[in-house]
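Report on the following structure.
The values are calculated or read from the model by the stated rules, or taken from the named source; none is laboratory data. Not measured: the values here are computed from a predicted model. Cβ coordinates were reconstructed from backbone atoms using ideal geometry, including for glycine residues, and neighbour counts include every protein chain displayed.
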Ligand SMILES: Cc1ncc(C[n+]2csc(CCOP(=O)(O)OP(=O)(O)O)c2C)c(N)n1
Ligand SMILES: [Mg+2]
């Protein structure tokens with residue numbers, strides 16, 4: 001599919017321009033590109049896509065401002081990446097599994113996690129890590145790329161047990177492609193031909209290190225070739241294109257055509273609009289003007305324009321949706337702010353049963369908590 | 001962040017935090033010796049996620065302060081290779097919890113190249129890593145896994161607890177002919193300032209520091225736990241007249257067995273404070289060393305005040321996990337009053 005080649009295209013970021021193989025459906029404004037084929041999605045699904053992306057943007061903004069007020073610890077913003085996160089998750093079937101990183105808040109929510117549980121760990125409570133039984137989401141991965149071989153293994157397990165109607169979708173960053181685990185996971189995926197889809201959220205930056213410093217390859221998608229599997233590049237700020245590419249890859253993972261291998265590496269070309277985390281200051285290492293050209297392609301605006309154009313959305317519905325998501329996020333914050341964790345939690349869930357030695361350590365802590373008051377423990381260490 | 005040594009010419013000392021002293025130490029070594037290079041994730045333009053390499057990129061350029069791809073095995077493996085060409089690499093691991101991809105390179109090669117080549121080759125490299133808890137960090141960012149590396153023959157393991165020592169130990173580590181794991185207690189990166197000489201100097205890698213003289217009990221610790229141990233000792237001296245000696249090990253491998261046992265022979269009692277999990281922690285090694293060397297002097301069971309045998313919790317509970325002054329005080333009292 002070709003980029004619209006219009007006047008002013010010099011303002012299109014090179015990463016989505018230079019390459020004619022990138023899948024796009026919407027142009028920067030949200031109009032359907034001439035040759036594009038819009039995926040077959042019902043109006044209801046389109047509205048769900050839209051509402052979830054809007055919610056993600058709102059969640060992100062609230063989380064950033066909460067962090068500034070000292071009510072959340074370090075948060076990894078997803079501004080600009082919500083469209084790809086939500087579209088990939090909505091492409092999943094309920095039985096499919098999701099492997100998220102620390103940045104995929106919206107992807108987790110869109111695959112069944114409740115919002116409050118996303119806030120809890122950021123408030124220092126592990127309660128939010130308790131994933132409900134009927135939600136097929138792994139805990140977020142923080143050590144970079146470690147999820148890749150694990151996602152492969154889960155998909156392999158399903159295949160070995162004849163459950164190829166279940167696919168696994170694994171997120172990773174552009175930085176993650178440099179780790180050994182990336183190579184090993186994708187290599188296994190190809191060799192054992194497992195029903196897995198790997199989504200590289202190429203947001204152009206790994207903290208302060210630009211994409212060009214991660215690999216001399218022109219694209220990340222082309223790395224798939226080395227593993228004998230398909231690699232696809234998609235405009236990650238175009239939710240419809242991401243939905244289409246992810247759906248097709250998931251379908252192929254379940255039912256590959258003759259001669260096709262199941263796994264796919266999707267390079268979802270995006271941009272990290274904000275800081276790496278709330279502890280990071282991008283002005284130290286990158287030029288803000290770079291962000292501008294990507295801001296013009298904001299996924300929220302593009303999907304909104306598309307829905308207006310199609311007559312699926314109007315201003316009444318838009319404000320109804322806005323009210324609803326604000327309410328939902330507020331309620332989640334309220335719930336999360338009420339969570340308290342007992343110090344006993346330190347020893348719980350290390351093993352199925354608490355070993356005697358660890359129980360002793362907990363008893364010792366409780367003896368001290370009784371002897372001195374709890375305030376004595378929060379005296380600053382420094 | 002401190003200005004670099006070049007702008008401080010003429011001044012004898014500057015008041016620096018621990019992380020500034022590390023930056024200053026790197027600066028000083030790089031200015032003296034062209035073969036010293038810094039490499040790692042975000043160490044260049046960004047100056048490190050904790051600013052430990054701030055200004056070095058600007059000062060020494062991209063061939064000596066190198067932003068690498070995101071790959072710890074690559075960073076350490078490449079550093080081993082670099083070190084074979086006469087260069088002295090100082091790779092940074094962004095957090096101790098992210099060193100594991102490099103584990104094979106560290107233990108199978110950095111630690112053993114000298115022995116595998118029967119002294120022909122060696123690996124003069126310093127791997128820096130911030131470690132420890134207490135800064136409300138996300139999961140995997142608060143690890144204290146010094147015991148993994150202490151267990152590995154061929155590695156030296158160092159952890160400073162003051163700005164002065166940070167610069168001097170770093171210099172000694174860079175000059176050392178063997179690989180050093182240099183663990184930086186990030187909880188106290190900016191906790192306090194101290195006068196740090198602008199001129200180059202070394203703090204020996206074979207001597208523990210007696211931070212407080214005492215006669216009733218020896219308290220052994222290192223890194224970020226040194227401060228709460230000293231606070232506990234001071235409190236007990238005032239409230240109970242207990243006179244604790246506090247020893248900051250500084251170099252965790254090889255251990256300064258002499259200082260450890262000399263102190264114990266004087267006090268007959270010991271408490272060991274570390275934030276790493278208790279089981280298999282360095283405290284066990286210290287306690288056993290004392291018993292091997294000075295059993296006849298022992299007057300009470302040796303006390304370990306340590307982290308739990310559990311993963312570091314998220315920040316709402318980390319104050320309970322880490323040995324606080326209150327826990328240290330209680331443990332010292334129990335041992336002295338045994
Ligand atoms: C193994 C490992 N090394 C280093 C880190 C520290 N770190 C956290 S995020 C990050 C950059 C990740 O970049 P990328 O994979 O592009 O993902 P993004 O944050 O851009 O979503 C680094 C170096 C880590 N978490 N794990
Ligand atoms: Mg990235």
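Within the stretch B:255-296, can you find the residues that are touching a strand residue (DSSP E or B) at 6+ places or on another chain (Cβ under 7 Å) and more than 23 Å from residue B:187 (Cα to Cα)? Before you say what the answer is, go through the steps one by one.
Taking the stretch B:255-296 and keeping what is touching a strand residue (DSSP E or B) at 6+ places or on another chain (Cβ under 7 Å), we get B:259-260, B:263-264, B:267, B:269-278, B:281-283, B:286-287, B:290.
Correct list: B:259, B:260, B:263, B:264, B:267, B:269, B:270, B:286, B:287, B:290.
What is the number of the single condition among (1) in a strand (DSSP E or B); (2) within 16 Å of ligand 1 (Cβ to nearest atom) that residue A:197 does not meet?
(2)
Can you tell me which residue among A:190, A:124, A:180, A:162 is out of contact with any strand residue (DSSP E or B) (no Cβ under 9 Å at 6 or more places or on another chain), more than 24 Å from residue B:41 (Cβ to Cβ) and within 13 Å of chain B (Cβ to nearest Cβ)? So that I can check it myself, show each step before the final result.
On the way: A:190 fails: within 13 Å of chain B (Cβ to nearest Cβ); A:180 fails: more than 24 Å from residue B:41 (Cβ to Cβ); A:162 fails: within 13 Å of chain B (Cβ to nearest Cβ).
Checking each option against the conditions leaves just A:124.
Checking residue A:73 against (1) free of Cβ contacts under 8 Å to residues at least 60 places away in the same chain; (2) closer than 24 Å to residue A:28 by Cβ; (3) surrounded by 19 or more Cβ atoms within 10 Å (Cβ to Cβ): exactly one of these is not met. Which one?
Residue A:73 satisfies every listed condition except (2).
Considering only residues that are buried (at least 19 other Cβ atoms within 10 Å of the Cβ), more than 8 Å from ligand 1 (Cβ to nearest atom) and in a loop (DSSP other than H, G, I, E, B), which ones fall in the stretch A:205-226?
A:208, A:219, A:220, A:221
Of all residues in the stretch B:297-327, which are part of a loop (DSSP other than H, G, I, E, B), crowded, with 22+ Cβ neighbours inside 10 Å and out of contact with any strand residue (DSSP E or B) (no Cβ under 8 Å at 6 or more places or on another chain)?
Once the filter is applied, which keeps residues that are part of a loop (DSSP other than H, G, I, E, B), crowded, with 22+ Cβ neighbours inside 10 Å and out of contact with any strand residue (DSSP E or B) (no Cβ under 8 Å at 6 or more places or on another chain), the stretch B:297-327 yields B:312, B:313, B:314, B:324.
Output the number of the condition that residue A:319 fails; it satisfies all remaining conditions of (1) surrounded by fewer than 20 Cβ atoms within 10 Å (Cβ to Cβ); (2) under 24 Å from residue A:148 (Cβ atoms).
(2)
Please go through the stretch A:203-217 and give me each residue that is in contact (Cβ under 8 Å) with a residue 24 or more places away in the chain, more than 10 Å from every other protein chain (Cβ to nearest Cβ) and under 21 Å from residue A:21 (Cα atoms), ordered by number.
Step one: list which residues in the stretch A:203-217 are in contact (Cβ under 8 Å) with a residue 24 or more places away in the chain, which gives A:203-211, A:214-215.
Adding the requirement that they be more than 10 Å from every other protein chain (Cβ to nearest Cβ) leaves A:203-205, A:211.
Within the stretch A:203-217, A:203, A:204, A:211 qualify.
Somewhere in the stretch B:42-59, is a residue farther than 14 Å from residue B:174 by Cβ, more than 14 Å from every other protein chain (Cβ to nearest Cβ), away from ligand 1 (no atom under 16 Å from the Cβ) and modelled with pLDDT of 95 or more?
So far as the stretch B:42-59 goes, yes, one or more of its residues are farther than 14 Å from residue B:174 by Cβ, more than 14 Å from every other protein chain (Cβ to nearest Cβ), away from ligand 1 (no atom under 16 Å from the Cβ) and modelled with pLDDT of 95 or more.
Spot the failing condition for residue B:48; the list is (1) more than 22 Å from residue B:121 (Cα to Cα); (2) surrounded by fewer than 21 Cβ atoms within 10 Å (Cβ to Cβ), and only one is missed.
(2)
Suppose we keep only residues that are within 14 Å of chain B (Cβ to nearest Cβ) and either within 12 Å of ligand 2 (Cβ to nearest atom) or more than 9 Å from the chain's Cα centre (by Cα) (or both) within the stretch A:78-103. Which one would you say is nearest to residue A:235 (Cα to Cα)?
So in the stretch A:78-103, the residues within 14 Å of chain B (Cβ to nearest Cβ) come out as A:100-103.
Now narrow it down to the ones that are either within 12 Å of ligand 2 (Cβ to nearest atom) or more than 9 Å from the chain's Cα centre (by Cα) (or both): A:101-103.
On the way: A:101: 20, A:102: 22, A:103: 18 Å.
So the residue we want is A:103.
Conditions tested, residue by residue: (1) within 14 Å of another protein chain (Cβ to nearest Cβ); (2) modelled with pLDDT of 95 or more; (3) buried (at least 22 other Cβ atoms within 10 Å of the Cβ).
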site: B:238; (1), (2), (3): no, yes, no
site: B:256; (1), (2), (3): no, yes, no
site: B:262; (1), (2), (3): no, yes, no
site: B:273; (1), (2), (3): yes, yes, yes
site: B:284; (1), (2), (3): yes, yes, no
site: B:295; (1), (2), (3): no, yes, no
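Is it true that some residue in the stretch A:230-251 is surrounded by fewer than 20 Cβ atoms within 10 Å (Cβ to Cβ), more than 10 Å from ligand 1 (Cβ to nearest atom) and assigned to a loop (DSSP other than H, G, I, E, B)?
Taking every residue of the stretch A:230-251 in turn, none turns out to be surrounded by fewer than 20 Cβ atoms within 10 Å (Cβ to Cβ), more than 10 Å from ligand 1 (Cβ to nearest atom) and assigned to a loop (DSSP other than H, G, I, E, B).
I need a count of the residues in the stretch B:68-92 that are within 14 Å of chain A (Cβ to nearest Cβ), in contact with a helix residue (DSSP H, G or I) (Cβ under 6 Å, 6 or more places away or on another chain) and buried (at least 21 other Cβ atoms within 10 Å of the Cβ). Let's see the steps before the verdict.
Filtering the stretch B:68-92 for residues within 14 Å of chain A (Cβ to nearest Cβ) gives B:68-78, B:92.
Okay, now just the ones that are also in contact with a helix residue (DSSP H, G or I) (Cβ under 6 Å, 6 or more places away or on another chain), so B:68-73, B:76-77.
So of that shortlist, the ones also buried (at least 21 other Cβ atoms within 10 Å of the Cβ) come out as B:68, B:70-72, B:76.
Here the count works out to 5.
Just checking: which of the helices (runs of 4 or more DSSP H) contained wholly in the stretch A:1-113 hold 3 or more residues that are more than 30 Å from residue A:279 (Cα to Cα), out of contact with any strand residue (DSSP E or B) (no Cβ under 6 Å at 6 or more places or on another chain) and modelled with pLDDT of 95 or more?
Working: elements: A:14-17, A:43-68, A:82-90, A:105-110.
It comes to A:43-68.
Please go through the stretch A:177-192 and give me each residue that is away from ligand 1 (no atom under 16 Å from the Cβ) and in contact with a helix residue (DSSP H, G or I) (Cβ under 6 Å, 6 or more places away or on another chain), ordered by number. Quick ask: steps written out before the conclusion?
Kept after step one, since they are away from ligand 1 (no atom under 16 Å from the Cβ), are these residues of the stretch A:177-192: A:187-192.
Across the stretch A:177-192, the qualifying residues are A:188, A:189, A:192.
Can you give me the ranges of the strands (runs of 3 or more DSSP E) entirely in the stretch B:117-217 with at least 1 residues that are surrounded by 17 or more Cβ atoms within 10 Å (Cβ to Cβ) and without any contact (Cβ under 8 Å) to a residue 60 or more places away in the chain? Don't jump to the end; show me each part of the working.
On the way: elements: B:126-131, B:156-158, B:180-185, B:194-197, B:209-212.
The strands (runs of 3 or more DSSP E) meeting that bar are B:126-131, B:180-185, B:209-212.
Right, residue B:6: at pLDDT below 95 and either crowded, with 23+ Cβ neighbours inside 10 Å or under 23 Å from the mean Cα position of the chain (by Cα) (or both) or not? So that I can check it myself, show each step before the final result.
Working: at pLDDT below 95: yes; either crowded, with 23+ Cβ neighbours inside 10 Å or under 23 Å from the mean Cα position of the chain (by Cα) (or both): no.
Considered against the rule, which asks whether it is at pLDDT below 95 and either crowded, with 23+ Cβ neighbours inside 10 Å or under 23 Å from the mean Cα position of the chain (by Cα) (or both), residue B:6 comes out as no.
Applying the selection to the stretch B:259-280, what residues are under 12 Å from residue B:221 (Cα atoms) and not in a helix (DSSP H, G or I)? Walk me through how you get there before you give the answer.
Taking the stretch B:259-280 first, the residues under 12 Å from residue B:221 (Cα atoms) are B:260, B:270-276.
Residues satisfying the conditions are B:270, B:271, B:272, B:273, B:274, B:275, B:276.
Considering the stretch A:127-155 alone, what residues qualify as being in contact with a strand residue (DSSP E or B) (Cβ under 8 Å, 6 or more places away or on another chain) and more than 16 Å from ligand 2 (Cβ to nearest atom)?
Step one: of the stretch A:127-155, the residues in contact with a strand residue (DSSP E or B) (Cβ under 8 Å, 6 or more places away or on another chain) are A:131, A:136-138, A:140-142, A:144-145, A:147-148, A:150-152, A:154-155.
Passing the criteria: A:131, A:136, A:137, A:138, A:150, A:151, A:152, A:154, A:155.
Does the stretch A:166-176 include one or more residues that are part of a loop (DSSP other than H, G, I, E, B), within 15 Å of ligand 1 (Cβ to nearest atom) and at the interface with chain B (Cβ under 10 Å from one of its Cβ atoms)? Spell out how you get there, then give the answer.
Restricting attention to the stretch A:166-176, the residues satisfying the condition of being part of a loop (DSSP other than H, G, I, E, B) are A:166-167, A:174.
So of that shortlist, the ones also within 15 Å of ligand 1 (Cβ to nearest atom) come out as A:174.
From what is left, the residues that are at the interface with chain B (Cβ under 10 Å from one of its Cβ atoms) are A:174.
Yes; the residues of the stretch A:166-176 include at least one that is part of a loop (DSSP other than H, G, I, E, B), within 15 Å of ligand 1 (Cβ to nearest atom) and at the interface with chain B (Cβ under 10 Å from one of its Cβ atoms).
Take the conditions within 14 Å of another protein chain (Cβ to nearest Cβ), in a loop (DSSP other than H, G, I, E, B) and crowded, with 21+ Cβ neighbours inside 10 Å and apply them to residue B:97. Does it pass? Even if it seems obvious, please write down each step before you answer.
Working: within 14 Å of another protein chain (Cβ to nearest Cβ): yes; in a loop (DSSP other than H, G, I, E, B): no; crowded, with 21+ Cβ neighbours inside 10 Å: yes.
Judged against the criteria, residue B:97 is not a match.
State whether one or more residues within the stretch B:262-270 are under 22 Å from the mean Cα position of the chain (by Cα) and touching a residue at least 12 places away in the same chain (Cβ under 8 Å). Steps first, please.
First pass over the stretch B:262-270, keeping only residues under 22 Å from the mean Cα position of the chain (by Cα): B:263, B:270.
Imposing the further condition that a residue be touching a residue at least 12 places away in the same chain (Cβ under 8 Å) reduces the set to B:263, B:270.
Yes - at least one qualifying residue is present in the stretch B:262-270.
What's the number of the condition residue A:66 fails, among (1) under 28 Å from residue A:28 (Cβ atoms); (2) in contact with a helix residue (DSSP H, G or I) (Cβ under 8 Å, 6 or more places away or on another chain)?
Result: residue A:66 passes all but (1).
Identify the residue in the stretch B:58-93 that is touching a strand residue (DSSP E or B) at 6+ places or on another chain (Cβ under 7 Å) and either in a loop (DSSP other than H, G, I, E, B) or under 17 Å from residue A:177 (Cα atoms) (or both) and, among all such residues, is nearest to ligand 2 (Cβ to nearest atom). Lay out the reasoning, then the answer.
If we filter the stretch B:58-93 for residues that are touching a strand residue (DSSP E or B) at 6+ places or on another chain (Cβ under 7 Å), which is where we start, we get B:64-68, B:70, B:75-76, B:79, B:82-83, B:87-93.
Next cut, either in a loop (DSSP other than H, G, I, E, B) or under 17 Å from residue A:177 (Cα atoms) (or both) only: B:64, B:67-68, B:70, B:75, B:87, B:93.
On the way: B:64: 26, B:67: 14, B:68: 15, B:70: 9, B:75: 18, B:87: 30, B:93: 19 Å.
Taking the candidates together, the pick is B:70.
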